[in-house]
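Note sheet for the following structure.
The values are calculated or read from the model by the stated rules, or taken from the named source; none is laboratory data. Since the structure is predicted, the reported quantities are computational estimates derived from the model, not experimental observations. Backbone-built Cβ (ideal geometry, glycine too); neighbour counts: all protein chains shown. Each accessible area value is taken on the protein alone, full model and side chains, heavy atoms only, with ligands, DNA and RNA left out. Shrake-Rupley method; radii C 1.70, N 1.55, O 1.52, S 1.80 Å.
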Amino acid sequence: MIHFSKLVRQAQGLAKPLLKRAATVELDWDVRQKSRFETTTSQGQIVGVFLPRGTVIRGGDVLVGEDGSLLQVLAAPQAVLRITFDAHHGTAFDLTRAAYHLGNRHVPIELQADHLKIEPDHVLADMLCAMHLQVAAVDEAFEPESGAYGDHGGAHTHSQGHGHGHGHGHHEHDHGHVHGPHCNHDH
């Protein structure tokens, strides 16, 4: 089993032809927070990942194996709640307010200009619905913000153009709105 113990953030400095030949691995957010795990690559090879404790792997990062091989990490689609504001009942400021309340609860949250994403939580879904936000259960890649002290080895910022609407088999299954008893939207 090949061990991967080096991480190159967003493939910085790696030649494109090398990356084209590299195997890929799709990992969800829970796995990408672990520093030690086994996984199977797109080429069917079982590999071990051994990174410094506290390392968070992001979609687009590249792992380097002890044999020099490269393994490109893709953020796997997973169940998330996609939060948007209802243009009929609110404004984009409602998303800012929601991000503030979610942040106070120390919930991992992905911040985008027109939506937020969190892991499924019916209590939070009810709270967001009560704030007149639209909450939809979808399967999408999840890249929450790094905390003030998280992501050792370089912060990942969303302004670098590593957007989250990029392909990688971006399975978007809309499971409809998740509404609690307080949601009285006119849908």
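If a residue has to be touching a residue at least 60 places away in the same chain (Cβ under 8 Å) and farther than 18 Å from residue 57 by Cα to count, how many in segment 113-147 make the cut?
Number satisfying all stated conditions: 1.
If I go through segment 13-26 residue by residue, how many of them are closer than 17 Å to residue 2 by Cβ and either assigned to a strand (DSSP E or B) or aromatic (Phe, Trp, Tyr) (or both)?
3
Across segment 78-95, what is the number of residues that are open to solvent by 30 Å² or more (accessible area, probe 1.4 Å), of a type outside the set (A, V, I, L, M) and at pLDDT 95 or above?
2
Taking the conditions exactly as written (surrounded by fewer than 20 Cβ atoms within 10 Å (Cβ to Cβ) and at pLDDT below 95), does residue 54 satisfy them or not?
Yes.
Which of the residues belonging to segment 67-99 are more than 20 Å from the chain's Cα centre (by Cα), assigned to a loop (DSSP other than H, G, I, E, B) and of a type outside the set (Gly, Ala, Ser)? Show your work before the answer.
So in segment 67-99, the residues more than 20 Å from the chain's Cα centre (by Cα) come out as 67-70, 85-94, 97.
From the residues that got through so far, the ones that are assigned to a loop (DSSP other than H, G, I, E, B) too are 67-69, 86-92.
Within segment 67-99, 67, 86, 88, 89, 91 qualify.
What single numbered condition from (1) closer than 28 Å to residue 119 by Cβ; (2) crowded, with 17+ Cβ neighbours inside 10 Å; (3) not polar (S, T, N, Q) fails to hold for residue 31?
Failed condition: (2).
Is segment 99-116 home to any residue that is within 12 Å of residue 145 (Cβ to Cβ), among the β-branched types (Val, Ile, Thr) and at pLDDT below 95?
Step one: filter segment 99-116 for residues within 12 Å of residue 145 (Cβ to Cβ), giving 99, 102-103, 106-112, 116.
Now narrow it down to the ones that are among the β-branched types (Val, Ile, Thr): 107, 109.
Okay, now just the ones that are also at pLDDT below 95, so 107.
Looking for residues that are within 12 Å of residue 145 (Cβ to Cβ), among the β-branched types (Val, Ile, Thr) and at pLDDT below 95, one finds at least one in segment 99-116, hence yes.
With segment 27-66 as the region, which strands (runs of 3 or more DSSP E) entirely inside it contain at least 1 residues that are under 18 Å from residue 78 (Cβ atoms) and not charged (D, E, K, R)?
Hits in segment 27-66: 36-40.
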